[in-house]
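The values are calculated or read from the model by the stated rules, or taken from the named source; none is laboratory data. All figures in this text were calculated on a predicted structure; none of them were measured in a lab. So basically every Cβ, Gly included, is an ideal-geometry build from the backbone, and we count neighbours across all protein chains shown.
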Amino acid sequence: MLSLEFIYQLMGVLLGGVALVNARDAANPRRWSNTAFWGLYAASFLFGSWLPARVSGALVLAMTLVAGFRGLGQGRSPTTSPAERRASAERWGNRLYLPALLVPGLTLLGTLTLKRVSLGGVPLVDARQVTLISLGLATLAALAVGMAMLRPPPAAPLHEARRLLDTVGWAAVLPQMLASLGALFALAGVGQVVAELTTRWVPLETPLAAVAAYGIGMALLTMLMGNAFAAFPVMTAGIALPLIVGRFGGDPVVISAIGMLAGFCGTLMSPMAANFNLVPVALLELPDENAVIKAQIPTALPLLAVNIALMYFLAFR
Amino acid sequence: MLTLVGVLIVILGFLFRVNPLLVVAAAGIATGLAGGLAPGAVLDALGRAFIENRYVGIVWLVLPVIGLLERAGLKERTQALIGRFRAATTGRVLLLYLAVRQVAAALGLTSLGGHAQMVRPLVAPMAEAAAEMHHGTLPLPTRHAIRAQTAAVDNIGLFFGEDIFIAIGSILLIRGFLEQNGILVQPIELALWAIPTAIAAFVIHATRLLLLDRRLARSLAAHALAAPPAAEAREEVRQEVRDALA
């Protein structure tokens, strides 16, 4: 049976290859920092499921220290020139989209069908992880089609992956680090403290005040935790259920459905939501690290107000 | 109160632009220690959480494919393709992508999109090319601003589409939480109440995208008049574009 472990091994192989390419590139002034960083990250994918937690923790610390104090550099990858790319674009035309669209297309197909496939009574894939496994398989298929079609040098995908990962740099690991921080926050009860502070210091004497405190609280706590999922149970148990539902008689279904969306408005405004807001900055090579957040705030704030109004008018029908 | 030390470290770290990986690691360790864990136990918790969250890193698996296609001229092809549609503008391209992304996410197809697989190789080049078709070569800050808008569209379409789908993580989380508190609810009811917000998100953001075209036209016309722009004029245009897009 294919499980998530299979995808982790693929990631490990990719990152190990990137580390290797870095180790062989004398043009990069930070050659060994890059090698160590991507090599350690590769090890977490390849061996993470079997390593003792403390060793994994030390590995994470080592990666952090390399990136934080030594810094990562950019090597030189053998790639094509702008003129070669224009010529190639001319030659291949719309066929270039085939591998690109195979990734989402096959992921979708796999998500819908692989759950039901079994070989000799054993299911082919772990049904709970079917989307991620399909994504991995779709990527392999798209890579095979791309290689067969374009016939680049065999190491080209690795060099290209390395070129792109170098532009992203340590930001590639930040979303995973922040998710880990969220787990530590949850362990230490950070959310409960915030909810307690809110209910103690904010006057919540009317339904509107309570709804507004809940909506704004969801957005703020989501901004701090980087994730609406972590904020939701805390704020809903702290404000929504006892006050809005318990005292003022609001509809818990409406409140919690829209409350989660108020949290999403916070996600749009938080650097803690690195995979949505910081990773694209790196991927799109933007000089201002807050560029995406700034583009989102003028939508997030009015939408938060709309969410609060919707809760107020729909929950007390 | 001491448990909030991690939050404080994060805020100060982002404010003073310390390397975010260092900030997050420091915040995690401080929070664990403040929460009464022994140093070894903090390291255990950090390692366990990092390994459990490996699925977050899977987005990078697609990079070899994207890089291979970029090498073969995918961006150049996309720019040539957009050039054939005279009606295409940056705002309209992004509006179309917003609609597609939001509807697809509402049907549970959240993997049709994303910054690595769609925004960088396809949508951002389209949005830039559409602006170039009408206004000529773009100044770099405008280019950057258009890219940031493209990333924003991907996020907004995803966030306010996915909650309409009944089997998405957030809906299941809400259902599980309410059940623990003695309130039984069907996922479809929760998904239904996500629709008004989804419509509001689309209306608000679509309006901004259509205004974006007008502002781009205005600021880029000013830019063209100032050609060849003196350094201060260039800075002025930059500021204008920044204001227009903020």
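Brief remarks on what is shown
- Whichever residue in the range A:115-136 is closer than 28 Å to B:Ala72 by Cβ and in contact (Cβ under 8 Å) with a residue 60 or more places away in the chain and, among such residues, is surrounded by the fewest Cβ atoms within 10 Å (Cβ to Cβ): A:Leu132
- The single condition among (1) more than 7 Å from chain A (Cβ to nearest Cβ); (2) buried (at least 16 other Cβ atoms within 10 Å of the Cβ); (3) over 20 Å from the mean Cα position of the chain (by Cα); (4) under 18 Å from A:Gly263 (Cβ atoms) that B:Leu172 does not meet is (2).
- Considering only residues in the range B:152-172 that are among the hydrophobic types (A, V, I, L, M, F, W, C) and touching a Phe, Trp or Tyr at 6+ places or on another chain (Cβ under 6 Å), the one that is farthest from B:Val103 (Cα to Cα) turns out to be B:Val153.
- Checked against the criterion of being surrounded by fewer than 22 Cβ atoms within 10 Å (Cβ to Cβ) and β-branched (Val, Ile, Thr), the candidates B:Val119, B:Val24, B:Val123, B:Val59 yield just one match: B:Val59.
- The lone exception for A:Glu5 - which of (1) more than 13 Å from chain B (Cβ to nearest Cβ); (2) of a type in the set (D, E, K, R); (3) in a helix (DSSP H, G or I) it fails: (1)
- Number of the exception - B:Leu98 against (1) closer than 30 Å to A:Pro153 by Cβ; (2) surrounded by 22 or more Cβ atoms within 10 Å (Cβ to Cβ): (1)
- Flag if B:Pro39 is at pLDDT 85 or above and closer than 26 Å to B:Arg147 by Cα: no
- Where helices (runs of 4 or more DSSP H) fall wholly inside the range A:240-317, the ranges with 3 or more residues that are modelled with pLDDT of 95 or more and within 9 Å of chain B (Cβ to nearest Cβ) are A:252-267, A:291-315.
- When B:Ile29 is tested against (1) more than 7 Å from chain A (Cβ to nearest Cβ); (2) assigned to a helix (DSSP H, G or I); (3) in contact with a helix residue (DSSP H, G or I) (Cβ under 7 Å, 6 or more places away or on another chain); (4) at pLDDT below 90, just one condition goes unmet, and that condition is (4).
- Residue match in the range B:135-143 (condition: more than 7 Å from every other protein chain (Cβ to nearest Cβ), crowded, with 23+ Cβ neighbours inside 10 Å, touching an Asp or Glu at 6+ places or on another chain (Cβ under 7 Å) and in contact (Cβ under 8 Å) with a residue 60 or more places away in the chain): no
- Residue that is nearest to B:Thr3 (Cα to Cα), among those in the range B:32-42 that are assigned to a helix (DSSP H, G or I) and more than 7 Å from chain A (Cβ to nearest Cβ): B:Leu33
- Unmet criterion (only one of (1) within 7 Å of another protein chain (Cβ to nearest Cβ); (2) in contact (Cβ under 8 Å) with a residue 60 or more places away in the chain; (3) of a type outside the set (Phe, Trp, Tyr)) for A:Ala183: (2)
- When the range A:9-52 is filtered for residues that are among the hydroxyl-bearing types (Ser, Thr, Tyr) and touching a Ser or Thr at 6+ places or on another chain (Cβ under 7 Å), only A:Ser44 remains.
- Check on B:Phe202, surrounded by fewer than 20 Cβ atoms within 10 Å (Cβ to Cβ) and aromatic (Phe, Trp, Tyr): yes
- Residue in the range B:43-56 that is under 22 Å from A:Asn275 (Cα atoms), within 21 Å of the chain's Cα centre (by Cα), of a type in the set (A, V, I, L, M, F, W, C) and assigned to a helix (DSSP H, G or I) present: yes
- Of the candidates B:Gly114, B:Gly157, B:Gly83, the single residue that is at pLDDT 95 or above and more than 8 Å from chain A (Cβ to nearest Cβ) is B:Gly157.
- Scanning the range A:149-196 for residues that are among the aliphatic types (A, V, I, L, M) and touching a Gly at 6+ places or on another chain (Cβ under 6 Å) yields a total of 8.
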